[in-house]
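Asker: This is the structure I have questions about; it appears just below.
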């Protein structure tokens, strides 16, 4: 079978280098198909379909998430049919998705399921079964229906709910109202990839780029913005509105189209002349505060800056690129991630900014899970996946014993895993290194889940909170400060516990935690899972100012999870971090030296 692939190469349009986002590369094809199958299972559950049928989709999705390889060659050589959980019927659906990019049964399910019903899944604690029950008992089909029923105290009377569940639903609805219709950066990248690809490859397009908060790599994204340059934008926009991703056309003019995509996200596409392109790219990238500061600077120099030009006393100031625009205002180039008006203009006035960290700077990573706890891949599969991703070492950090829900390891199983790691390291020789680590739970009083003697046997320790989120601010701060001060703790994992667009972080004085980590010499991770992105950019800046070393970890539970690292890089760049600020951007020998040095702390 001949299988088409997402293009993974770099393509140039004019002077702009356009790279397909990570989720469009072959390794992400597996994740994309898994998402579709998982969603199909959920949609079937919400509709009350046969639970065995629903589970078949979820099982197949989970099976795909554990695969270390791209689906294309596995379809070609027949090995995908040998994967447990993927029968012939499911195999045909997967092949259809991979080869055509769509699945009629999926499209039909989405059409037939009220979109408001699916939106209820955003409410924390409301799963498909509970949504089905509310739909049957109270005819709830939207968030508005849910709020009305909760405020009328009807939900508490439904069997299996009660007053506490009703109160949590009201809290969840308040959180959704606060976050609005924003989406995760990972979802935004996935949605925009085929749209940008189509525009960038149009014969009339000179240059094209994503703008807005996605280009600045914000934690969550509102609308999508795409800019292109052309001698005549009209035919390009006319062709664009015929795209299958478009569900609704909101506005259609000669230079701009606003649409709502099938995923429910608004996307604005603008066309400008190539002479206008650098000014428009800068303006529509934002942020608003950065743009205001730039316009003010232009005025101070007798110039006028808008979204289409930089005007001087003698006429327009020609700029081919954004770099030219910044130079015209006596500034070094400011990367998009830094454009938030936190002082970046003052820094750029003094000279070139330090080269921000890049994904290619990472030499390895830590905080990764295997099938010894709640991961989906073996030690060897994760090691080979990391090596294939260009990493020189990988830290394994399966859960500690108290995390029984995640297959937490007992002391005996820890020692067995150490032996397995030793065997693999002997096999790898000097070409690759596995580090023995743990994600050790921080207990409510701040003590650790493993004894000091056992902790001493690890190469490194990630300490994380996974329980008792409701402690008050003082107790939670004391808890985490005690943990980061422990001499066997190497790094603090997901410091606030937040889940973007799902739950707020716990109530903690993060500045006090950073100060305690600085005093103890403990590192803090950027958990690069796109649902977390925790530590955030602002606190990364504060941590660096206190001398705390940052570690970028993917929290990977499968080989595909290594792609999370790029999201962590985005946070680090927004914080202004350079390679020397990040442990796993250092040379492997230096990383090893620092880990050994930390193990000698008392």
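Asker: For segment 344-438, report the convex hull volume of the alpha-carbon atoms normalised per residue, in Å³, without decimals. Present the calculation step by step, with values, prior to reporting the outcome.
Answerer: Working: hull volume 12.8 nm³, N = 95.
Normalising the Cα hull of segment 344-438 by residue number yields 135 Å³.
Asker: Tell me what the chain gives for mean residue ellipticity at 222 nm when only DSSP H runs of n ≥ 4 count, each as -39,500 (n - 2.57), the sum divided by the residue total, rounded to 500 deg cm²/dmol.
Answerer: On the way: 24 runs with 256 residues, N = 602.
Using -39500 (n - 2.57) per qualifying helix, the result is -13000 deg cm²/dmol.
Asker: Another question, then. Using 0.36 nm times the number of residues separating residue 600 and residue 419, minus their current alpha carbon distance, what extension gain do you get?
Answerer: Details: separation 181, 0.36 × 181 = 65.16 nm, distance 2.25 nm.
Full extension of this stretch gives 62.9 nm more.
Asker: Still on this structure: If you take every DSSP beta bridge whose two residues both sit in segment 304-424, what share of them, in percent to the nearest 5, is antiparallel?
Answerer: Numbers: 4 of 8 bridges.
Roughly 50 percent of the DSSP beta bridges within segment 304-424 come out antiparallel.
Asker: Can I ask one more? Given segment 44-91, what whole percent of its Cα pairs are spread farther than 12 Å?
Answerer: Working: 719 of 1128 pairs.
For segment 44-91, the fraction of Cα-Cα distances above 12 Å is 64 percent.
Asker: How fast does segment 185-314 diffuse by Stokes-Einstein, in µm²/s, taking the Kirkwood radius from C-alpha pairs at 25 °C and 0.890 mPa s?
Answerer: On the way: Rh = 15.3 Å.
Result for D is 160 µm²/s.
Asker: Oh, and also: Which distance in Å, rounded to a whole number, links the C-alpha centroids of segment 42-61 and segment 71-147?
Answerer: After rounding, the separation between the Cα centres reads 7 Å.
Asker: Could you state the number of Å between the C-alpha centres of segment 434-498 and segment 508-568?
Answerer: Using only Cα atoms to place each centre, the spacing works out to 14 Å.
Asker: Against the empirical 2.2 N^0.38 Å scaling, what ratio does the C-alpha Rg of segment 399-502 come to? Provide the component values of the computation, followed by the final result.
Answerer: On the way: Rg = 15.2 Å, N = 104, 2.2 N^0.38 = 12.8 Å.
Expressed relative to 2.2 N^0.38 Å, the Cα Rg reads 1.18.
Asker: Calculate how many DSSP beta bridges within segment 487-573 are antiparallel, expressed in % of all such bridges and rounded to the nearest 5. List each step's numbers first, then the result.
Answerer: On the way: 2 of 8 bridges.
So the antiparallel bridges in segment 487-573 amount to around 25 percent.
Asker: Share of antiparallel DSSP beta bridges in the chain, in percent to the nearest 5? Don't skip to the end; give the middle numbers.
Answerer: Details: 27 of 59 bridges.
Of those bridges, close to 45 percent are antiparallel.
Asker: State, to one decimal in nm², a quarter of the convex hull surface area for the C-alpha atoms of segment 507-589, i.e. the direction-averaged projected area.
Answerer: Values: hull surface 23.7 nm².
Hull-based average projected area comes out at 5.9 nm².
Asker: If you stretched the chain out fully between residue 177 and residue 274, how much longer would it get, using 0.36 nm times the residue separation minus the C-alpha to C-alpha distance? Walk me through the numbers before you get to the answer.
Answerer: On the way: separation 97, 0.36 × 97 = 34.92 nm, distance 3.99 nm.
Stretched fully, the residue 177-residue 274 segment lengthens by 30.9 nm.
Asker: How large is the direction-averaged shadow of the alpha-carbon convex hull of segment 436-581, in nm²?
Answerer: Numbers: hull surface 33.1 nm².
Projected area, direction-averaged: 8.3 nm².
Asker: If you take the Cα Rg of segment 120-184 and divide it by 2.2 N^0.38 Å, with N the number of residues, what do you get?
Answerer: Values: Rg = 11.1 Å, N = 65, 2.2 N^0.38 = 10.7 Å.
Cα-based Rg divided by the globular estimate yields 1.03.
Asker: If you don't mind, there's one more thing I want to ask. Taking the alpha-carbon centroid of each part, what is the distance from segment 570-602 to segment 168-230 in angstrom?
Answerer: 31
Asker: Need one number: the % of Cα-Cα pairs in segment 457-529 sitting beyond the 21 Å mark.
Answerer: Values: 569 of 2628 pairs.
Distances greater than 21 Å cover 22 percent of the Cα pairs.
Asker: Which value in Å is the Kirkwood Rh of segment 232-281 over different Cα pairs?
Answerer: Values: mean 1/r = 0.0882 Å⁻¹.
Kirkwood radius, segment 232-281: 11.3 Å.
Asker: I need 372, 418 ordered by Cβ neighbour count within 10 Å, fewest first.
Answerer: Details: 372 19, 418 15.
Fewest-to-most ranking of 372, 418: 418, 372.
Asker: So what is the relative contact order for segment 391-472, in percent, with contacts set as C-alpha pairs under 8 Å and at least six apart?
Answerer: Working: 113 pairs, mean separation 27.0, N = 82.
The normalised contact order for segment 391-472 reaches 33 percent.
Asker: How fast does segment 47-134 diffuse by Stokes-Einstein, in µm²/s, taking the Kirkwood radius from C-alpha pairs at 4 °C and 1.567 mPa s? Could the numbers behind the result be given before it?
Answerer: On the way: Rh = 14.8 Å.
In µm²/s, the coefficient is 87.
Asker: Based on the Kirkwood radius over alpha-carbon pairs, what value in µm²/s does the Stokes-Einstein equation return for the translational diffusion coefficient of the chain at 10 °C and 1.306 mPa s?
Answerer: Once the numbers are plugged in, D ends up at 61 µm²/s.
Asker: Which three extents, in whole angstrom, do the alpha-carbon atoms of segment 93-209 cover along their principal axes, largest first?
Answerer: Ordered largest first, segment 93-209 gives principal extents of 60, 33, 17 Å.
Asker: Fewest first, what order do 230, 410 take by the number of other Cβ atoms within 10 Å?
Answerer: Placing the least packed residue first, the sequence is 410, 230.
Asker: Taking the Cα atoms of segment 285-340, what is the range of coordinates along each of the three principal axes, in descending order and whole Å?
Answerer: Principal extents (Cα only, largest first): 33, 20, 19 Å.
Asker: Further, regarding this structure: Subtract the Cα-Cα distance of residue 593 and residue 349 from 0.36 nm times their separation in residues, and report this length gain in nm to one decimal. Please report the intermediate quantities before stating the final value.
Answerer: Numbers: separation 244, 0.36 × 244 = 87.84 nm, distance 3.73 nm.
Value of the extension gain: 84.1 nm.
Asker: Cα atoms only, segment 319-368: Rg and Dmax in Å?
Answerer: Computed over the Cα atoms of segment 319-368, radius of gyration and Dmax are 14.2, 46 Å.
Asker: Mind ordering 74-86, 121-133 by average Cβ neighbours within 10 Å, highest first? Write out the running numbers ahead of the final one.
Answerer: On the way: 74-86: 14.6, 121-133: 17.3.
Ranked by mean Cβ neighbours within 10 Å, highest first: 121-133, 74-86.
Asker: Alpha carbons only, please: Rg and Dmax for segment 246-359, in angstrom.
Answerer: My reading of the Cα-based Rg and Dmax gives 16.2, 48 Å.
Asker: Among 58, 252, which comes first, then next, by fewest other beta-carbon atoms within 10 Å? Could the numbers behind the result be given before it?
Answerer: Values: 58 18, 252 13.
Fewest-to-most ranking of 58, 252: 252, 58.
Here, each number is a calculation from the coordinates, and none is a lab measurement. Quick caveat, the model's predicted, so the values are computed rather than measured. Using ideal geometry, Cβ is built from the backbone for each residue, glycine included, and neighbour counts are taken over all protein chains shown.
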